Amino acid sequence: MNAPAATGLTLYSRSGAAYRFDPGALCLELLTTGGPGPYRRYEVLHEPTDLADWAARSRLTPTPPLDISAAEAAEARRLRDALFRVVVAHTRGEPHPPDDLELLNAAAARPPLAPVLTPAGERQWAAPSSGAQLLATVARDAVELLTGPFAHRVRTCAAGNCQLMFVDTSRPGRRRWCSMEHCGNLHKVQAARARRSAER
């Protein structure tokens, strides 16, 4: 994939409690910003600055210097929604929606963010970088993920009321939850209550 690993994003439960979520891929991080249909209520990419803020929180390091237009912010929402449907179809073993696949491939065909080496020997991104380059980087990451060695490990959280998607990069390949401190912990609590109830 195009970007180095990171510890994940900070998300918030319905109760407002913070937890860490590492989807394992840059493209899957974009899916935490909203989505199509019922997920539109979680929309956070309203303005160009919102997309820049997401990039700063993402696993792209260091944060790329971005010049994002309103049209590119709107394109980010379209790409994210298309990617959402493609990944859902992938996890279900269904054909990828043709229109969404076309949009994803068109974005991936554009020039991505370009890494450069500084005189100090550090890695940075060429400036200025556009929103279109950022989206091309995300789209290419998605193509690599869905055709790569971990394609069979792209999953949806096992909690019935959670639709967060991740790629399981753990050695045993047994990850079930978006986050052990959130859905994993809730499952443990519910299972313990069920056992106590059965024992009574």
Tell me, please, whether a residue that is open to solvent by 60 Å² or more (accessible area, probe 1.4 Å) and either of a type in the set (A, V, I, L, M) or without any contact (Cβ under 8 Å) to a residue 24 or more places away in the chain (or both) can be found in the stretch 76-93. yes
Please enumerate the residues belonging to the stretch 142-200 that are of a type in the set (Gly, Ala, Ser) and at pLDDT 90 or above. Ala142, Gly148, Ala151
Taking Asp99 as the residue in question, decide whether it is touching an Asp or Glu at 6+ places or on another chain (Cβ under 9 Å), part of a helix (DSSP H, G or I) and among the acidic types (Asp, Glu). no
For the stretch 62-82, check the following and say yes or no: at least one residue is within 26 Å of Cys157 (Cα to Cα) and among the polar types (S, T, N, Q). no
Residues being closer than 14 Å to Cys27 by Cα and surrounded by fewer than 19 Cβ atoms within 10 Å (Cβ to Cβ): count how many of those fall in the stretch 104-118. 1
I'd like the residue in the stretch 40-62 that is touching a residue at least 60 places away in the same chain (Cβ under 8 Å) and either open to solvent by 40 Å² or more (accessible area, probe 1.4 Å) or part of a helix (DSSP H, G or I) (or both) and, out of all such residues, is nearest to Leu26 (Cα to Cα). Ala55
Only one of these is part of a strand (DSSP E or B) and open to solvent by 40 Å² or more (accessible area, probe 1.4 Å): Arg155, Arg140. Name it. Arg155
Of everything in the stretch 9-39 that's in a loop (DSSP other than H, G, I, E, B) and modelled with pLDDT under 75, which residue is least open to solvent (accessible area, probe 1.4 Å)? Ser13
Positions within the stretch 124-137 being open to solvent by 20 Å² or more (accessible area, probe 1.4 Å), in a helix (DSSP H, G or I) and aliphatic (A, V, I, L, M), in sequence order: Ala132
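The values are calculated or read from the model by the stated rules, or taken from the named source; none is laboratory data. Predicted model, so just to flag it, every value in this text is computed and none were measured. As a convention, Cβ positions derive from the backbone with ideal geometry for all residues, glycine included, and neighbour counts pool all protein chains shown. Side chains are part of the model used for accessible areas, which takes the heavy atoms of the whole protein and leaves out ligands, DNA and RNA. Shrake-Rupley method; radii C 1.70, N 1.55, O 1.52, S 1.80 Å.
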